[in-house]
Amino acid sequence: MERKSVHKLFVLATTCLFLMGMTASSVSAQWWSSSSSTSSSSTSSTSSTSSSSSSGSTVSDPGATGPNSVCSYTAPSNTGYLAGKVYYPCSLSATTGATTLTGGFTNTYSDMEWLAKHVASHGYIVLAMTPNNNLGTNPSWTTAHKSGIAQLKKENTRSSSAIKGKVNTAKLQVMGFSKGGGGTLLASNSLGSGIKTAQALAPYMDFTYSLSSTKAKTACYTGTSDTIASPSAVVTMYNSLPSSVTKVLGYFNSMSHTDWMTGSSSNTYGKRGMKYIVSFMKYYLDGNSSYYKYLYGDEHTKDVNNNWFYQYKYSNQ
């Protein structure tokens, strides 16, 4: 009898321990699963270059390559420029903003391809051009930009155009570097309300000028190491814009003139420039308020604290 009692007690104790072990294992498994799921979600959010804003729209890091694959084709001939190439998102299904783009003295459109592709990857159409005389003066680039805007409108209706019906003609921009930047400001002044934004990268002016008729929201960029397009001259251009115009001056520390020609991923300063170029387009060309933070908010403050800027000015934001 004593042996049977001892055996029963042994079986009962073993069963209890087994059940306790199962419960503990189950609890442990549930905790691990929850922890793992949270970690995975956090990693996915961190590694992605885009996120959802509070308004529900997608925000892509403007300094990183955008979410769109980029396609291109040779632009139709035009008496206003020597040659050109159109860059656009391959899967473009709706209308989008478009910009012209030129380089500077001696540059061809291919010298600015790094920027054209970056901007197109963020959802825009880019017509990059070589002016008729890339050894000439500002008027050659001014003509190219004005002709480029006209060509973008033609491409929107041309039957065999890859971007037919895709150009939002209410969201047009001119943009250029060096003499092309000077040409940008002059073209913007001439086009008035025919364009919405203009961005001048280290702009260079050959002659005296007037920007008093400018209507477009305008960004001017320069750098402390630029010995060709004097930073003080660029500041003067910025100040010459009408007081009623929304304008931004991005005066980068250590950026040289040629950093705008060799941007891409290998150039720290070119990458900084393209971050602000895309942010300006998203905020002012598209009206996407989610990009405010990159121009004026917490993301911009991080750049200031990281010593990106010698000076950053704006008016009528």
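The values are calculated or read from the model by the stated rules, or taken from the named source; none is laboratory data. Treat the numbers as computed from the prediction; the structure is a model and nothing was measured. Note that we place each Cβ from the backbone using ideal geometry, even for glycine, and neighbour counts take in every protein chain shown. Just so you know, the surface numbers come from the protein's heavy atoms only, side chains and all, with ligands and any DNA or RNA stripped out. Shrake-Rupley method; radii C 1.70, N 1.55, O 1.52, S 1.80 Å.
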| request: Name the strands (runs of 3 or more DSSP E) wholly inside region 1-120 in which the number of residues that are open to solvent by 50 Å² or more (accessible area, probe 1.4 Å) and at pLDDT 95 or above is 2 or more. | output: 70-74
| What are the residue pairs meeting all of these: first residue in region 228-241, first residue within 11 Å of Pro203 (Cα to Cα), second residue open to solvent by less than 40 Å² (accessible area, probe 1.4 Å) and of a type in the set (S, T, N, Q), Cβ atoms under 7 Å, and 6 or more apart or on different chains? | Ala229/Ser178; Ala229/Thr222; Pro231/Thr222; Val234/Thr222
| task | Can you run down the residue pairs with Cβ atoms below 6 Å, 6 or more apart or on separate chains, where the first is in region 84-113 and of a type in the set (D, E, K, R) and the partner is part of a loop (DSSP other than H, G, I, E, B)? | result | Lys85/Ala75; Asp111/Gly103; Asp111/Met261
| Residue check for Tyr221: part of a helix (DSSP H, G or I) and among the hydroxyl-bearing types (Ser, Thr, Tyr) | no
| query | How do the pairs read when you match residues in region 289-311 that are part of a helix (DSSP H, G or I) with residues anywhere that are of a type in the set (Asp, Glu), using Cβ under 6 Å and keeping only pairs 6 or more apart or on different chains? | reply | Lys293/Glu299
| remark: Apart from one, (1) within 17 Å of the chain's Cα centre (by Cα); (2) over 17 Å from Ser244 (Cα atoms) all hold for Thr197; the odd one out is (2)
| request: Return yes or no: is Ser160 among the small types (Gly, Ala, Ser) and assigned to a loop (DSSP other than H, G, I, E, B)? | output: yes
| field | Among (1) open to solvent by 10 Å² or more (accessible area, probe 1.4 Å); (2) closer than 21 Å to Ile277 by Cβ; (3) in contact (Cβ under 8 Å) with a residue 40 or more places away in the chain; (4) assigned to a helix (DSSP H, G or I), the one test that Asn168 misses | value | (4)
| message | Residues that are among the aliphatic types (A, V, I, L, M) and surrounded by fewer than 23 Cβ atoms within 10 Å (Cβ to Cβ): does region 123-136 have at least one? | response | yes
| task | Give the residue, chosen from Asp303, Asp298, Asp286, that is closer than 16 Å to Thr246 by Cα and either out of contact with any Leu (no Cβ under 9 Å at 6 or more places or on another chain) or open to solvent by less than 50 Å² (accessible area, probe 1.4 Å) (or both). | result | Asp286
| Identify, please: which residue in region 122-157 is without any contact (Cβ under 8 Å) to a residue 60 or more places away in the chain and assigned to a helix (DSSP H, G or I) and is, among those, farthest from Phe105 (Cα to Cα)? | Lys153
